[in-house]
Every structure is written in C-alpha cells, then in structure tokens.
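Notes follow the structure.
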Amino acid sequence: MDSLRIDKWLWAARFYKTRSLATEEVGKHRVQINGQDTKPAREVKPGDTIRLRQGVVDRTVVVKAISAVRGPATAAQLLYEETPESLLARAQAAEQRRLAPEPAQSIEQGRPTKRDRRQISQAWDERWSASID
C-alpha cells in the first residue's frame, strides 16, 4: 500500500480517537496536506507534510509510513515524525498556558454572605428606587 485516505491515516496514527472525528476535523479545514486544505478522501503518501490542529495544539508532521489499522501508540508513532519547529512551538505554547493566570483565581471570595446580600440589596434599592426624594 503506497497511499491511504487522510481520515483513515489520522485515525490509525492516533491523532483522533475515531475516524468520524478525523473526517469532521478534515472537513472543518483543520488539516492541511502540503500547505493545502483537503477533503477526507484525499490520499496521503510517505513524504507528505501534514499540518493539523488538535484543540489548541498545532502540529506539523511528516508522513513516514502508511497503515490502515489502528495499532498501539508505539506503532502509531512510527507512522510520522514531528518537525523540530512544531515541537518547539508546542513547548512554547505549553509554557505560556502554564504561566497564564487562571481566571478563577481573580475571584476573591465565593458566594456572598447574608450581610453582603443585604448590602447589595440596600445599594440596589438606593440606586434604582422608583421613589423620587
């Protein structure tokens, strides 16, 4: 076998959990072969460069082998080789995500207490009261 559909190859190389997910991602133009958008039936062969996105992670891989069966992860890793630029970009993105502040950390306290609710209600009444003084 010298070529295989891109959706089958992505599934066999364990980039996506199911073949239908791989087909969906290719259909959404999140997968490119040799810099061009593709369709799920496009054939991939050794030597092709594939750029794909998995969630927030962008990867660029070079196809080394073709397999139509989904084997263990160690066998799947033999089907491709990730480019050094892609590895560096993924490491930098992971470091950025690690250093970015968690949005939930900016909340000082959780639920308002009974006293807080009374103060909020009083402030609301004073500000938006229908009575004119």
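The values are calculated or read from the model by the stated rules, or taken from the named source; none is laboratory data. Here the structure is a predicted model, which is why all the values come from computation and not from measurement. Cβ sites come from the backbone with ideal geometry, for glycine too, and all protein chains shown count toward neighbours.
So if I check each of 49, 113, which one is surrounded by 10 or more Cβ atoms within 10 Å (Cβ to Cβ), out of contact with any Lys or Arg (no Cβ under 8 Å at 6 or more places or on another chain), modelled with pLDDT of 95 or more and not charged (D, E, K, R)?
49
Take residue 114 and decide whether it is free of Cβ contacts under 8 Å to residues at least 40 places away in the same chain and basic (Lys, Arg).
So residue 114 fits the description; yes.
Within segment 88-104, is even one residue of a type in the set (Asp, Glu), at pLDDT below 90, over 27 Å from the mean Cα position of the chain (by Cα) and not in a helix (DSSP H, G or I)?
Within segment 88-104, none of the residues are of a type in the set (Asp, Glu), at pLDDT below 90, over 27 Å from the mean Cα position of the chain (by Cα) and not in a helix (DSSP H, G or I).
Which ones in segment 1-38 are basic (Lys, Arg), over 23 Å from residue 87 (Cα atoms) and exposed (fewer than 14 other Cβ atoms within 10 Å of the Cβ)?
Listed by number, the list holds a single entry, 28.
Which of the residues spanning segment 2-21 are on the phi < 0 side of the Ramachandran plot and part of a loop (DSSP other than H, G, I, E, B)?
2, 3, 13, 15, 16, 17, 18
Can you name the residue in segment 52-66 that is out of contact with any strand residue (DSSP E or B) (no Cβ under 8 Å at 6 or more places or on another chain) and part of a strand (DSSP E or B) and is also nearest to residue 37 (Cα to Cα) among such residues?
Filtering segment 52-66 for residues that are out of contact with any strand residue (DSSP E or B) (no Cβ under 8 Å at 6 or more places or on another chain) and part of a strand (DSSP E or B), the one nearest to residue 37 (Cα to Cα) comes out as 54.
For residues that are out of contact with any Lys or Arg (no Cβ under 9 Å at 6 or more places or on another chain) and of a type in the set (Lys, Arg), scanning just segment 89-105, find the one that is farthest from residue 58 (Cα to Cα).
98
Residue by residue through segment 67-88, note down the ones that are crowded, with 16+ Cβ neighbours inside 10 Å, closer than 21 Å to residue 34 by Cβ and touching a Lys or Arg at 6+ places or on another chain (Cβ under 7 Å).
Within segment 67-88, 79, 80, 86 qualify.
Looking only at segment 23-40, decide whether some residue is touching a Phe, Trp or Tyr at 6+ places or on another chain (Cβ under 8 Å) and under 28 Å from residue 97 (Cα atoms).
Yes: segment 23-40 contains one or more residues that are touching a Phe, Trp or Tyr at 6+ places or on another chain (Cβ under 8 Å) and under 28 Å from residue 97 (Cα atoms).
Considering only residues that are out of contact with any helix residue (DSSP H, G or I) (no Cβ under 7 Å at 6 or more places or on another chain) and part of a strand (DSSP E or B), look in segment 22-51 and name the one that is nearest to residue 7 (Cα to Cα).
Once the filter is applied, the top-ranked residue is 43.
List every residue pair whose Cβ atoms lie under 6 Å apart, where the two residues are 6 or more positions apart in sequence or sit on different chains, the first residue falls within segment 28-49 and is more than 12 Å from residue 63 (Cα to Cα), and the second residue, located anywhere, is surrounded by 14 or more Cβ atoms within 10 Å (Cβ to Cβ) and among the aromatic types (Phe, Trp, Tyr).
That search, which allows pairs on different chains as well, returns nothing.
List the pairs whose first member sits in segment 57-68 and is within 24 Å of residue 98 (Cβ to Cβ), whose second member is outside any loop (DSSP other than H, G, I, E, B) and of a type in the set (Asp, Glu), and whose Cβ atoms are under 8 Å apart, counting only residues at least 6 apart or on separate chains?
59/82; 60/82; 60/85; 61/81; 61/82
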